[in-house]
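Presented below is the structure to which this report refers.
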Amino acid sequence: MFACLCFAVTDEELDAAIDAGARTEEQVGDTCGAGTGCGSCLDRICARLVRAEPEHGRIPLRVAGRGQRPPDRRCRAG
Ligand code: FES
């Protein structure tokens, strides 16, 4: 199943990015592209990040320089 339709990233590829150390939506995007298009998959990515790091989302994320995302988007997991 695709986790990110814009970049055809599967759940397995998303998990692999997180297993490789990605701990923010931006790091996931840098690793596999997921979440860097329309952004509709960011909540799904966030939920996966929470599984890997329960504190994810409790600290507001500051995402800069990614043009397609609001600069101060907060993860909704917190
Ligand atoms: S579905 Fe992931 S960026 Fe659009």
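Each reported figure results from applying straightforward, stated rules to the coordinates on display, with no laboratory input. A quick note: this is a predicted structure, and the numbers were derived from the prediction, not measured. Every residue, glycine among them, receives a Cβ derived from its backbone with ideal geometry; neighbour counts consider all protein chains shown.
Quick look at the numbers
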read-out: Likely footprinting exposure, V28, V50, fewest C-beta neighbours within 10 Å first; value: V50, V28
read-out: Student exercise, the range 8-53 dipole from Lys, Arg, Asp, Glu Cβ charges, in Debye to nearest 20; value: 120
read-out: Residue-count net charge about D11 - beta-carbon cut-off 15 Å; Lys, Arg +1, Asp, Glu -1; value: -2
read-out: Residues whose placed amide H lies under 5 Å from that of V9, excluding near-sequence neighbours; value: A3, C4
read-out: Exposure proxy ranking, count of Cβ atoms within 10 Å, fewest first, for C6, C46, C38; value: C38, C6, C46
